[in-house]
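The values are calculated or read from the model by the stated rules, or taken from the named source; none is laboratory data. These numbers come from a predicted model, not from an experiment. Every residue, glycine among them, receives a Cβ derived from its backbone with ideal geometry; neighbour counts consider all protein chains shown. Just so you know, the surface numbers come from the protein's heavy atoms only, side chains and all, with ligands and any DNA or RNA stripped out. Shrake-Rupley method; radii C 1.70, N 1.55, O 1.52, S 1.80 Å.
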Amino acid sequence: ELEVWYQPKLELCNGRVVGAEALLRWRDPVRGLIPPVDFIPLAERTGLIIPIGEQVLDTVCRNIVRWHDTGMLCGRIAINVAALQIERTDFVDTLRQALNLHQLPAGSLEIEITESLLMENPEHARAVLSDIQRLGVTTAIDDFGTGYSSLSYLKLLPINNLKIDRAF
């Protein structure tokens, strides 16, 4: 019942699609489409977000390979990674294995973490982001401006992209 949807990323100057963000959706056969705000927190509390995250990573990698095989250039695909995935698993090893299994270049993916993860355990988050970048995968902070929001702190972080929250 879980589906991965893709929201295109556009280059503003010419409208060209330069990538996409993978978004998890739940289509219940009885209740219909369940908003992520209703199921992601539950998945995080129960620890199910770890196997769900691994499933999303595998699905995205398979789709990228399929798109490349059909000649469709899709650019870099961003995947949101929950704090629990970073804190309780060897996420970098999981990422490395997925890239190897699907024979994908690391530049095909971007890993997004939230600003709140950085503030909860900054040293660990910084180390994981550095390891992700050493693989050649791009990193991004999502929802920047919802927490501590120190612009000077950004200089210390191994990130390639910053997604600023509307509230900021």
Give the residues of segment 56-89 that are part of a helix (DSSP H, G or I), open to solvent by 40 Å² or more (accessible area, probe 1.4 Å) and closer than 21 Å to ILE141 by Cβ, sorted by residue number. GLU87, ARG88
Can you go through VAL92, VAL37, VAL30 and tell me which one is open to solvent by 20 Å² or more (accessible area, probe 1.4 Å), within 18 Å of THR114 (Cα to Cα) and of a type in the set (Val, Ile, Thr)? VAL37
Filter result for SER149 (part of a loop (DSSP other than H, G, I, E, B), open to solvent by less than 40 Å² (accessible area, probe 1.4 Å) and either of a type outside the set (Val, Ile, Thr) or at pLDDT 85 or above (or both)): yes
What number of residues in segment 20-37 are part of a helix (DSSP H, G or I) and modelled with pLDDT of 95 or more? 0
Taking segment 95-120 on its own, how many of its residues are in a strand (DSSP E or B) and of a type in the set (Gly, Ala, Ser)? 0
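Yes/no per residue for (1) in contact with a Pro (Cβ under 9 Å, 6 or more places away or on another chain); (2) within 19 Å of SER130 (Cβ to Cβ):
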position: VAL18; (1), (2): yes, no
position: ILE40; (1), (2): no, no
position: VAL56; (1), (2): no, no
position: ILE64; (1), (2): no, no
position: GLY71; (1), (2): no, no
position: VAL81; (1), (2): no, yes
position: LEU84; (1), (2): no, no
position: LEU101; (1), (2): no, no
position: LEU109; (1), (2): no, yes
How many of the residues in segment 121-146 are assigned to a loop (DSSP other than H, G, I, E, B) and open to solvent by 10 Å² or more (accessible area, probe 1.4 Å)? 4
Using beta carbons and a limit of 7 Å, which pairs, at least six apart or on different chains, have the first residue in segment 30-42 and under 18 Å from GLY53 (Cβ atoms) and the second one open to solvent by less than 90 Å² (accessible area, probe 1.4 Å) and of a type in the set (A, V, I, L, M, F, W, C)? ILE34/TRP26; PRO36/LEU24; PHE39/TRP26
Any residue in segment 41-55 that is open to solvent by 60 Å² or more (accessible area, probe 1.4 Å), modelled with pLDDT of 95 or more and polar (S, T, N, Q)? yes
